[in-house]
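Reading through the structure tokens given below for one structure.
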Amino acid sequence: MNQILKLKKRLKPGEVYRRSDLQKWSNAVDRHLHILLQEGTLEKLSGGLYYVPKRTAFGKAPADEKQLVSIFLKDNRFLITSPNEYNALGVGTTQLYNIRRVYNRKRHGEFRLGNRKFDFVMKPYVPASKTAEFLLVDLVNNLKHLAEDQPAVLDNIKNKVKEMNKRRLKKLVSEFGAVRTKKLFAEILD
């Protein structure tokens, strides 16, 4: 069996691979990548990042967002969020944004992975999950970038804090809040 067929047997539809992952299964990785890209077995997402398209009734499915970011970062400690999620808090945000923000400990900047754009933000602390408290702190951190009535949203945030878990909120403000956010919540929580 030739090397390209051996490599193809290792590839799973819907999976994202780094060039270095494929290198261990190939004796001529660049030549094999070129062949696999030309025949459509692989799609290039970014420099050194490849996706095996998964076919569905609607065509090719995009790569799983979490797996894509995990392989890109070579780390599982990240949180993907969007300003659209603030709308669920009920504090007066209603706009829709085409932004995917990735809080992580390794990368900073805007990166295009396949046909998706991500804004990677390095933070020393990244929460394990998105809670209402996290979204509220993140909203205040990013309020100046939103196209909302900021004074009205701030008034609603002050009321929303009454419904939140104060201990969890204080912890998130301390570990994740920007200086301006810490000042605002110090006034509200005391």
Distance between the C-alpha centers of the stretch 140-189 and the stretch 12-52? Whole Å please.
44
Proximal aspartates and glutamates relative to Lys8, as straight alpha-carbon distance under 18 Å, when same-chain residues fewer than 8 apart are discounted:
Asp21, Asp30, Glu39, Glu43
Which percent of the Cα-Cα distances in the chain go past 22 Å?
56
With a point put 7 Å past each Cα toward its Cβ, work out how far Ser46 is from Arg168 in nm, to one decimal.
3.0
Tell me the relative contact order for the chain as a rounded percent, counting alpha carbon contacts under 8 Å between residues six or more apart.
15
Using a basic spin-label model with each label point 7 Å from the Cα along Cα→Cβ, how many nm lie between Ala128 and Ala61?
2.7
List the relative contact order of the stretch 3-61 as a percent without decimals, with contacts defined as Cα pairs under 8 Å and 6+ residues apart.
37
Asserting the computed 222 nm helical MRE of the chain (DSSP H runs at least 4 long, -39500 (n - 2.57) per run, divided by residue count, to nearest 500) equals -11500 deg cm²/dmol
Near Lys144, which lysines are there with a Cα under 27 Å away, not counting those fewer than 8 places off in the same chain?
Lys106, Lys117, Lys123, Lys130, Lys158, Lys160, Lys162, Lys166, Lys170, Lys171, Lys182, Lys183
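Since every read-out is calculated from the coordinates, none of them should be taken as a lab result. The shown structure was predicted, so the numbers you read here are calculated from the model rather than taken from an experiment. Every residue, glycine as well, gets a Cβ built from its backbone with ideal geometry; the counts of neighbours run over all protein chains shown.
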